[in-house]
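Take a look at the structure set out below.
The values are calculated or read from the model by the stated rules, or taken from the named source; none is laboratory data. Quick caveat, the model's predicted, so the values are computed rather than measured. Cβ sites come from the backbone with ideal geometry, for glycine too, and all protein chains shown count toward neighbours.
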Amino acid sequence: MQETIQYGLLIALAIALCVAAFTDIKRRQIDNWLNLAIAAGAPAFWWASGLALWPDVALQLGVALAAFALLAGLFALKMMGGGDVKLLTVLALWIEPMMFVHLLVIMAIAGGVLTLAMGMWHVARRQREKLAIPYGVAIAFGALWVLAVNYLPAAAMAAAAQ
């Protein structure tokens, strides 16, 4: 029963990540209600995953707090958008700390590719306005990658590989 709830919550998270990416492409904004909904689902995911309050949940909260502090600094330096900061912070509530580091690495690679592609498109179209990168796409890609690799059942991964 708990496993079914866990996978249902992961599906809901995957849908929320797709919505975040889409709205970031469309409006260059990730809505607060979406980040709040993702954060609100984390305690149910902790319960369904069998996490203990100490040290498991405390560690998740600590990583989220550290991520917020670091990313808020990047926001203050105008290096990152507010919605991106909030999305990464709430994802830290869901994803185990070492997997969260993997998410950050994959996100950075995807963000670099996205920036290069959009930059080339921007130059090719001879646009003069400042280039705005929808980094929520890279965040969602990194998170979906980590969820697929680390949270899907092995049977589903084997079937997908064939």
* To do: Taking ASP31 as the residue in question, decide whether it is out of contact with any strand residue (DSSP E or B) (no Cβ under 7 Å at 6 or more places or on another chain), at pLDDT 95 or above, charged (D, E, K, R) and closer than 15 Å to ALA138 by Cα.
  => no
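Would you list the helices (runs of 4 or more DSSP H) that sit entirely within the stretch 3-109 and hold 1 or more residues that are among the basic types (Lys, Arg)? Walk me through how you get there before you give the answer.
On the way: elements: 32-49, 58-76, 82-94.
By residue number, 82-94.
Answer with yes or no whether VAL137 is assigned to a helix (DSSP H, G or I) and modelled with pLDDT of 95 or more. Before you say what the answer is, go through the steps one by one.
Details: assigned to a helix (DSSP H, G or I): yes; modelled with pLDDT of 95 or more: yes.
Yes.
Just give me the residues in the stretch 112-134 being within 29 Å of the chain's Cα centre (by Cα) and basic (Lys, Arg), in sequence order.
The answer is LYS130, and nothing else.
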* Structure fact -> Exception for ALA76 within (1) surrounded by fewer than 18 Cβ atoms within 10 Å (Cβ to Cβ); (2) within 16 Å of the chain's Cα centre (by Cα); (3) modelled with pLDDT of 95 or more falls at (2)
* To do: Filter the stretch 85-99 down to residues that are touching a Leu at 6+ places or on another chain (Cβ under 8 Å), of a type outside the set (A, V, I, L, M) and surrounded by fewer than 23 Cβ atoms within 10 Å (Cβ to Cβ), then give me how many there are.
  => 2
